[in-house]
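Peer 1: Below you'll find the structure I mean.
The values are calculated or read from the model by the stated rules, or taken from the named source; none is laboratory data. Because the structure is predicted, anything quoted here is derived from the model rather than measured. Note that we place each Cβ from the backbone using ideal geometry, even for glycine, and neighbour counts take in every protein chain shown. Just the protein is used for accessible areas: all its heavy atoms, side chains included, with ligands, DNA and RNA removed. Shrake-Rupley method; radii C 1.70, N 1.55, O 1.52, S 1.80 Å.
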Amino acid sequence: MKLRTLFAALIITVTATAQDKQGYQLFTKEGKKTTYKKLLKAAGETEVVLFGELHDDAMVHWLQLELTKDLGANHNLVLGAEMIEADNQDELNQYLAGTINQKQFDSVARLWPNYKTDYKPLVDFAKDKKFKFVAANIPRRYASLVYKQGFEALNSLTAEEKTWIAPLPIAYDASLPGYQEMLKMGGGHGGDNLPKAQAVKDATMGYFIAQNLTPNTIFVHYNGTYHSDNFEGINWYLKKQTPNVKILTIAAISQKELDKLEDENLKKADFILVVDEDMTKTH
């Protein structure tokens, strides 16, 4: 009877394991599996969290919100994002203060198509907690100007327009692997100005993060993972401005299998968030 009971229990355990599904797995940069609890602890001990995202991944956006809520329960936060451009900071502040509603904010700010599903929950969390939210990205039209004409074109901006970008001249290291990879991916389109357009975004986001660092406060920044992968991009510019700042990076990637981190994804960040490639897309 005991043997029969043990056998039944074994069958149930094997079946349950086979049916168990999960949407993501966290890894250290060395490729060792780790836990959300360890991520939260590490994030609570740093000054800046660069949360690299896949823009259309539902799981990534959910985890961004959960991590932000859990950090905000015990720490003062400043939030910031690539997805809201610096010249919309006034409108964002008005929404956070409650002087304009969501419909009005939609009409006066340039919001991404997936704003309501993916970024509004973060902004509303900041609003509820009275946390500052920084519109950190360069206005797209100026990044486009760099793509077409190079950094020099930024010199023609007005004094007000220059307050929405990193101070000129823009530092730039063309030898950084991320920018070199962009040149290859671009297949010659845009030439050297293609990675420069990326760099001016990285520089501007790094600048606005640095400008909003506050003692005993964690700055959580949401950006496309390419902007902070391999400790480059925003990380590089932020370190140039504030060499001693403590930064924790998260890189989001998609894989078919969650059990093992593929070699090409090793060392992309302090924590690597692997999402099942079948995860629902938000747009």
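Peer 1: Taking 7 Å along the Cα-to-C-beta vector as the label spot, tell me the ASP70-ARG141 distance in nanometres, rounded to one decimal.
Peer 2: About 4.2 nm separates the two model spin labels.
Peer 1: Scattering from the C-alpha atoms of the range 120-194 alone, worked out with Debye: what is log10 I(q)/I(0) at q = 0.12, 0.22, 0.24, 0.26 1/Å?
Peer 2: -0.50, -0.99, -1.08, -1.18
Peer 1: If you don't mind, another one. Please find, in a Gaussian network model of the chain (springs between Cα atoms separated by less than 10 Å), the residue of LEU92, LEU238, LEU40 whose mean-square fluctuation is greatest.
Peer 2: Looking only at LEU92, LEU238, LEU40, the biggest GNM fluctuation is shown by LEU40.
Peer 1: Output the Kirkwood hydrodynamic radius of the chain, Cα pairs only, in Å rounded to one decimal.
Peer 2: Working: mean 1/r = 0.0495 Å⁻¹.
The Cα-based Kirkwood calculation yields 20.2 Å.
Peer 1: Quick one: what are the phi-derived ³J(HN,Hα) couplings along the range 169-178, Karplus 6.51/-1.76/1.60 with θ = phi - 60°, whole Hz, x for glycine and proline?
Peer 2: x, 7, 5, 7, 10, 5, 7, 4, x, x
Peer 1: Are any of the pairs LYS37/LYS132; LYS37/LYS120; LYS201/LYS267 more than 28 Å apart by Cα-Cα distance, and if so, which?
Peer 2: Over 28 Å apart, Cα to Cα: no pair at all.
Peer 1: What is the diffusion coefficient of the range 126-277 in µm²/s, taking the Kirkwood radius over Cα pairs and the Stokes-Einstein relation at 25 °C with a viscosity of 0.890 mPa s?
Peer 2: Reported coefficient: 146 µm²/s.
Peer 1: Which whole-number value in Å² is the accessible area per residue of the range 222-274, probe 1.4 Å?
Peer 2: Value for the range 222-274: 44 Å² per residue.
Peer 1: Also, quick follow-up: Would you report the distance distribution of C-alpha pairs in the range 36-158 as whole percents per 10 angstrom bin, up to the bin with the largest distance?
Peer 2: Histogram of Cα-Cα distances, whole percents per bin: 11, 39, 32, 16, 2.
Peer 1: Hey, what number do you get for the chain at 222 nm if only DSSP H runs of n ≥ 4 count, each worth -39500 (n - 2.57), divided across all residues, to the nearest 500?
Peer 2: Computed mean residue ellipticity for the chain: -12500 deg cm²/dmol.
Peer 1: For the chain, which whole-number percentage of the solvent-accessible area (1.4 Å probe, protein heavy atoms only) is attributable to carbon and sulfur atoms?
Peer 2: C and S fraction of accessible area: 54 percent.
Peer 1: Which links in LYS127/LYS240; LYS69/LYS281; LYS196/LYS268; LYS116/LYS239 stretch past 26 Å when you go from one Cα to the other? Please report the intermediate quantities before stating the final value.
Peer 2: On the way: LYS127/LYS240 31 Å; LYS69/LYS281 22 Å; LYS196/LYS268 21 Å; LYS116/LYS239 32 Å.
Over 26 Å Cα-Cα: LYS127/LYS240; LYS116/LYS239.
Peer 1: Additional query: Using the basic label-point model (7 angstrom from Cα toward the beta carbon), what is the GLN22 to THR242 distance in nanometres?
Peer 2: 3.3 nm
Peer 1: With axes computed from alpha carbons, what is the tilt in degrees of helix 120-129 against the longest principal axis of the chain, rounded to the nearest 10 within 0 to 90?
Peer 2: Compared with the principal axis, the helix lies near 80 degrees.
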